1. What spacing in nm lies between the two simple spin-label points modelled at Leu74 and Ala19, each 7 Å away from Cα in the Cβ direction?
2. Using a basic spin-label model with each label point 7 Å from the Cα along Cα→Cβ, how many nm lie between Ala140 and Ser299?
3. Computed FRET efficiency, Cβ-Cβ of Asp104 and Glu11, R0 22 Å: what is it to the nearest 0.05?
4. Grab the beta carbon distance between Leu58 and Arg125, set R0 = 35 Å, and tell me the FRET efficiency rounded to 0.05.
5. Whole-Hz Karplus ³J(HN,Hα) for the stretch 270-277, in order, using 6.51 cos²θ - 1.76 cosθ + 1.60 and θ = phi - 60°, x for Gly and Pro?
6. Give me the distance in nm between label points sitting 7 Å out from Cα along the Cα-to-Cβ direction at Val190 and Lys202, one decimal.
7. Could you put Thr239, Thr35, Thr15 in order of accessible surface area, largest first, with the 1.4 Å probe and the full protein assembly present?
Amino acid sequence: RARLEACAHYELRRTDWEAMRRWIAEERLQEDALTLQMLQAEELPDHLLGLQDVDDALPFLALRILHHAVRHDLEALHVWEASPGQETNDIFWERCDEQLERSDDAESRFAAALVLHFQEPSLARDRFARAVKQGSAAAARWLAPGDGSAPAPPPARPAKREISTPRLAELIARNEAGAEYRSASRGGDVARRVRAIEAAAKVTYPHLDGEILVRVAEEGSVLEAKAALALLPKLDDSTKKYEGFYVVLVALRAGDHATAFDWLRDLVVGARRAENEEVLADLREDPQLEPLRGDPRWSELFR
C-alpha cells in the first residue's frame, strides 16, 4: 500500500514573473491592473489585497509569492505547499497532470503517474511503464509485479539536511512547529498536543503563539494550559495587546491565579487609561472570571 504525502513543490524563476503576472491579471483582474512595479512596493495596493476574499484563493496565494520574489529581487524561489488537495481545487490537479504528462522528462512523467495513481489507480500502470522506459528509476518501484500484487512503497525519506543559515533554520523550525500543533490539535491525543505546545514555545512565531492561547483558553485541558504558560515570556507586544484576555483564561485553566491576576491587572489598567468603561464593565461581569471573584485581589483591582 502506498501513502500519499500531500505536498507540492515548484520553482519560480525570474523569467517566470511576467507570465505569472499575466495569469493573475487574467484570472481575477483587468490586464492593466497589475504591474511588476506594483509588486516592488512594501505592501500590495488595496485592490490587490482584496483578492484574498475571493472563493478561489489560488490567485491570491500566487500573488503573495510573486510579490515576495519581485520585492526582494530574487533569482529563483522554491515554494512548498502542504496538503495541496485541500488547499487548492481539482482544476489545479487536472492542469498539473496534463502539463506533466506532456513533458518529455522522465521524472515529470513519473510525477504525472503519481497524480493519476491517487485519482484513478487502475489507469496509472501504463503511465508508470512509460516513465520507466524514459529512464525513471523511481517509477519502477510503483509498477505492480505481473501477479497483480500491490506496488512496492517508495523508499524512505532521506535524513534532513543540516541548515547552516540561522534565519532559514528559524523559519523551518517555526513552520514545523505550526504544522505539528495544528495537526495535533485536530486529534484526541492530549500528550501530543502538549508536546506540540512545548515545541512551539521554543521558536519565535507570534501568530502561532496567539493561535495556541486562544484555542487552549476556549477548549484546552489543564495540561495544555500549563504548557501554554511557557509561551508568555516570549510574547510580542501585539500578541500581548490582542490576546491578553485569553492569557488570563489560560492561566485560570492552569490553576495559576497569580499569573491570571497579573494579566488581568494590565487589562484593567489599560482600560482605565483609555477611559473605556465598557471594557471595564465587561471584565467585571464576565462569567469566565468567576473563580477569581472570591480573591481579595479582585476587590482591590475593581475598587
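1. Result for the modelled spin labels: 1.8 nm.
2. Label-label distance for Ala140 and Ser299, simple model: 8.3 nm.
3. On the way: r = 18 Å, r/R0 = 0.83.
Working from the Cβ atoms, E equals 0.75.
4. Working: r = 31 Å, r/R0 = 0.87.
Efficiency, rounded to the nearest 0.05: 0.70.
5. x, 5, 5, 4, 7, 6, 9, 5
6. Computed distance between label sites Val190 and Lys202 equals 2.3 nm.
7. Working: Thr239 15, Thr35 45, Thr15 125 Å².
Final ranking, largest accessible area leading: Thr15, Thr35, Thr239.
The values are calculated or read from the model by the stated rules, or taken from the named source; none is laboratory data. Quantities reported herein were computed from a predicted structural model and do not represent experimental measurements. Reconstructed Cβ throughout: ideal geometry from the backbone, glycine too, with neighbour counts over all protein chains shown. Just so you know, the surface numbers come from the protein's heavy atoms only, side chains and all, with ligands and any DNA or RNA stripped out. Shrake-Rupley method; radii C 1.70, N 1.55, O 1.52, S 1.80 Å.
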